[in-house]
Amino acid sequence: MTTLVVRQCKYSRIQTLFAPGNKSHIKYRTFHPYPAMLKNLIINRDATLPHYRQLSDQIIDQIQQGYLQSGSRLPSTRQLSQQLGIHRKSVVHAYEALALQDWIYTATGRGTFVSDDLPETGAEPLLTSLPESNAPSPPSDLHLPEYMNIDESVTHLPYHLDDGLPDPRLIPFVELERAWKSALRRGNQYHRLGYASPQGIRPLREAIADYLSKTRGLMVTADHILLTRGVTHAFHLTLTAMLKPGDKVIVPELNWANGNNAIRFHGGEILKARIDEKGLDTEHVAKLMAQHKVRMIYLTPHHQYPTTLIMPAARRIQLLELARAHGVYVFEDDYDFDFHYGNVPIMPLASARHDGLLLYAGSFTKAISPAFRVGYLVGNPALISELTKIRRIVDRQGDPTLEHALLELFRLDVLPRSLRRARGVYQKRRDVLARLLTAELGEVADFKVPDGGMAIWTRFREDIDLEAASKQAFHLGLSFSSGSQYGKEWNATRLGFASSTEAELREAVRILSTCIAS
């Protein structure tokens, strides 16, 4: 098939034909004599995006909106660089990138033009920013429930009594940097930097198995462990595999909000069990299990979230007996086992006999920093194998480089030593915050000094408006949760101490006291 190319001359509408042979298919290529006007091109010199990318993205946008039609001639690279006040090389780079994607083409001796092969579009108003009222709506059939709207915690303020986060200033940065370099450079890079098992690299799983055996009494191997991006990820995978719509899950009446949301999102029905001064009330759990067919129990027995209460041994034994008797799975979230300040921490439920009905989850979020997304899920190897298959389709793998770096920290005993150091620092900060709360807020606040964890569960007098105090504190540079997710009847919140120095804690409590009193 022969193509007839018709070129429009600058001073005449007469067209020169180049079409020897068959004329059954004719393609008209029109060269516009004058450059098109490019609308509202803006180069942000403070942006991290390179100038050529900013330019190419805006030209693509104008083509898609119909301002630049097929065949439109673009300004020369010199003209455009002068117009925008950027280096000519940036414009050249932008044009080259657009040409590689077939948005534009260059005709030698004539200029640069918008591609002929693009579909025609009608021009629409071109805006440098989209007003919020005109923002595109989500698809009509996408209706996320209200509980999915979660206000993220404020981290940019100078002072914070947070949910119980670690202090990143205590991270062993030098050792971690060395470990990361080692992970990138050592060994066969094809294997280290390629695809890995979605279950996580085996050497790290072996190191974690050994660590859990020594610190928690878990007799497990690498095959019992699935590396995840944290407890949230581990719980999501578990619910995806095991929960059907309508299945009932027992949780403490005061519980991790995101855990409750995950259960609801998977179609589960939540049954709330009472908590008392000893944590989850297993007698009430037994009544719920007698009345309902329960699929799973979720709990945080070591430092109950949010109250930090420790579940005593007798209740732990009773809970496992109930699970075995009813064939109910137990998900044990041990989010901060490493930070216990008593003489000897109580061993996890997972360390006792559970007949394969227990899944144990932990992470290095509290040990290092929330930015380091590595956690682990421990369970029956057959179940772990199935969960690994699910993980593969939602998250092909974790972060092998980070996993190798963590392995190096284990091999050099850096991580255990770092945890011991941080534990001592956090215990002192706990004691400081407790003294400050007693001195400044003793008449309006009630709390028990926790044996572990990174926050103090604090209940306030019923006439104290925590919502108003939280908003006022925000304007004074302090972030703390109003505790609204726990209900007004509790009028309580978690006041984190681990991430602040003693001086920062003093200022934070001063601001809090001011806001409570006003």
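The values are calculated or read from the model by the stated rules, or taken from the named source; none is laboratory data. None of these values were measured; they are calculated from a predicted model. Counting neighbours? That spans all protein chains shown, and the Cβs are built from the backbone with ideal geometry, glycine included.
Can you find even one residue in segment 481-491 that is part of a helix (DSSP H, G or I) and under 30 Å from Met242 (Cβ atoms)?
Residues of segment 481-491 part of a helix (DSSP H, G or I): 484-486.
Still in the list and also under 30 Å from Met242 (Cβ atoms): 485-486.
There is at least one residue in segment 481-491 that is part of a helix (DSSP H, G or I) and under 30 Å from Met242 (Cβ atoms).
Is there a residue being part of a loop (DSSP other than H, G, I, E, B) and either of a type in the set (Phe, Trp, Tyr) or crowded, with 21+ Cβ neighbours inside 10 Å (or both) anywhere in segment 314-328? Please lay out each step first, then the result.
Here is the first cut: in segment 314-328, the residues part of a loop (DSSP other than H, G, I, E, B) are 327-328.
So of that shortlist, the ones also either of a type in the set (Phe, Trp, Tyr) or crowded, with 21+ Cβ neighbours inside 10 Å (or both) come out as none.
Within segment 314-328 (the criterion being part of a loop (DSSP other than H, G, I, E, B) and either of a type in the set (Phe, Trp, Tyr) or crowded, with 21+ Cβ neighbours inside 10 Å (or both)), the answer is no, since none of the residues qualifies.
Taking interchain pairs and intrachain pairs at least six residues apart, which have beta carbon atoms under 6 angstrom, with the first residue in segment 449-473 and at negative phi and the second basic (Lys, Arg)?
Going by the 6 Å Cβ cut-off, the qualifying pairs are Ala455/Arg494; Trp457/Arg494.
Rundown of residues vs (1) of a type in the set (Phe, Trp, Tyr); (2) under 20 Å from Ile208 (Cβ atoms); (3) surrounded by 22 or more Cβ atoms within 10 Å (Cβ to Cβ), yes/no style:
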{"site": "Leu280", "(1), (2), (3)": "no, no, yes"}
{"site": "His303", "(1), (2), (3)": "no, no, yes"}
{"site": "Ile346", "(1), (2), (3)": "no, no, no"}
{"site": "Ala352", "(1), (2), (3)": "no, yes, no"}
{"site": "Gly356", "(1), (2), (3)": "no, yes, no"}
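Those residues that are touching a residue at least 24 places away in the same chain (Cβ under 8 Å), buried (at least 16 other Cβ atoms within 10 Å of the Cβ) and assigned to a helix (DSSP H, G or I), I need them from segment 47-66; list them, please.
Answer for segment 47-66, where residues must be touching a residue at least 24 places away in the same chain (Cβ under 8 Å), buried (at least 16 other Cβ atoms within 10 Å of the Cβ) and assigned to a helix (DSSP H, G or I): His51, Tyr52, Leu55, Ser56, Ile59, Ile60, Gln62, Ile63.
Inside segment 372-399, can you point out the residues that are charged (D, E, K, R), crowded, with 16+ Cβ neighbours inside 10 Å and within 19 Å of Gly194 (Cβ to Cβ)?
Across segment 372-399, the qualifying residues are Arg391, Asp399.
Tell me, yes or no, whether segment 242-253 has at least one residue that is over 20 Å from Ala323 (Cβ atoms) and buried (at least 19 other Cβ atoms within 10 Å of the Cβ).
no
Tally up the residues in segment 102-111 that are surrounded by fewer than 18 Cβ atoms within 10 Å (Cβ to Cβ), in contact (Cβ under 8 Å) with a residue 12 or more places away in the chain and not in a strand (DSSP E or B), please.
Step one: list which residues in segment 102-111 are surrounded by fewer than 18 Cβ atoms within 10 Å (Cβ to Cβ), which gives 102, 105-111.
The next check asks that each one be in contact (Cβ under 8 Å) with a residue 12 or more places away in the chain; those that pass are 102, 107, 110-111.
From the residues that got through so far, the ones that are not in a strand (DSSP E or B) too are 102, 110.
The qualifying residues number 2.
Given the structure, is Leu309 crowded, with 18+ Cβ neighbours inside 10 Å and not in a helix (DSSP H, G or I)?
On the way: crowded, with 18+ Cβ neighbours inside 10 Å: yes; not in a helix (DSSP H, G or I): yes.
When the stated conditions are applied, Leu309 passes them.
Just for segment 68-94: of the residues that are basic (Lys, Arg) and assigned to a helix (DSSP H, G or I), which one is nearest to the chain's Cα centre (by Cα)? Even if it seems obvious, please write down each step before you answer.
Filtering segment 68-94 for residues basic (Lys, Arg) gives 73, 78, 88-89.
The next check asks that each one be assigned to a helix (DSSP H, G or I); those that pass are 78, 88-89.
Details: Arg78: 44, Arg88: 40, Lys89: 38 Å.
The residue in question is Lys89.
Every residue, every condition in (1) at pLDDT 70 or above; (2) charged (D, E, K, R); (3) part of a loop (DSSP other than H, G, I, E, B), yes or no:
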position	(1), (2), (3)
Glu96	yes, yes, no
Gly122	no, no, yes
Leu126	no, no, yes
Ser140	no, no, yes
Thr155	no, no, yes
Gly164	yes, no, yes
Tyr195	yes, no, yes
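Table: residues versus (1) out of contact with any Leu (no Cβ under 7 Å at 6 or more places or on another chain); (2) of a type in the set (A, V, I, L, M, F, W, C); (3) part of a helix (DSSP H, G or I).
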{"position": "Ala179", "(1), (2), (3)": "no, yes, yes"}
{"position": "Asp210", "(1), (2), (3)": "yes, no, yes"}
{"position": "Ser213", "(1), (2), (3)": "yes, no, yes"}
{"position": "Leu218", "(1), (2), (3)": "no, yes, no"}
{"position": "Thr232", "(1), (2), (3)": "yes, no, yes"}
{"position": "Phe235", "(1), (2), (3)": "yes, yes, yes"}
{"position": "Lys244", "(1), (2), (3)": "yes, no, no"}
{"position": "Gly259", "(1), (2), (3)": "yes, no, yes"}
{"position": "Ala262", "(1), (2), (3)": "no, yes, yes"}
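Out of segment 460-499, which residues are of a type in the set (D, E, K, R) and out of contact with any strand residue (DSSP E or B) (no Cβ under 7 Å at 6 or more places or on another chain)? Explain how you work it out, then say what you get.
Initial filter on segment 460-499 (of a type in the set (D, E, K, R)): 461-463, 465, 467, 471, 488-489, 494.
Scanning segment 460-499 gives Arg461, Glu462, Asp463, Asp465, Glu467, Lys471, Lys488, Glu489.
Limited to segment 428-482, what total is found for residues that are among the β-branched types (Val, Ile, Thr) and loosely packed, with under 14 Cβ neighbours inside 10 Å?
Step one: of segment 428-482, the residues among the β-branched types (Val, Ile, Thr) are 432, 438, 444, 449, 456, 458, 464.
Restricting the remaining residues to those that are loosely packed, with under 14 Cβ neighbours inside 10 Å gives 438.
Residues meeting the conditions: 1.
Answer with yes or no whether Arg169 is at pLDDT 75 or above, exposed (fewer than 12 other Cβ atoms within 10 Å of the Cβ), on the phi < 0 side of the Ramachandran plot and assigned to a helix (DSSP H, G or I). Let's see the steps before the verdict.
Details: at pLDDT 75 or above: yes; exposed (fewer than 12 other Cβ atoms within 10 Å of the Cβ): yes; on the phi < 0 side of the Ramachandran plot: yes; assigned to a helix (DSSP H, G or I): yes.
Against the criterion (at pLDDT 75 or above, exposed (fewer than 12 other Cβ atoms within 10 Å of the Cβ), on the phi < 0 side of the Ramachandran plot and assigned to a helix (DSSP H, G or I)), Arg169 qualifies.
If only one of Arg315, Arg324, Arg274 is without any contact (Cβ under 8 Å) to a residue 24 or more places away in the chain and over 30 Å from Leu415 (Cα atoms), which one is it?
Details: Arg315 fails: without any contact (Cβ under 8 Å) to a residue 24 or more places away in the chain; Arg324 fails: without any contact (Cβ under 8 Å) to a residue 24 or more places away in the chain.
Result of the check over Arg315, Arg324, Arg274: Arg274.
Please pick out the residue among Arg324, Arg353, Arg315, Arg373 that is closer than 30 Å to Arg429 by Cα and either in the same structural domain as Thr232 (by TED's automatic domain parsing) or modelled with pLDDT under 90 (or both). I'd like the intermediate steps shown before the answer.
Numbers: Arg324 fails: closer than 30 Å to Arg429 by Cα; Arg353 fails: closer than 30 Å to Arg429 by Cα; Arg315 fails: closer than 30 Å to Arg429 by Cα.
Testing whether each residue is closer than 30 Å to Arg429 by Cα and either in the same structural domain as Thr232 (by TED's automatic domain parsing) or modelled with pLDDT under 90 (or both) leaves just Arg373.
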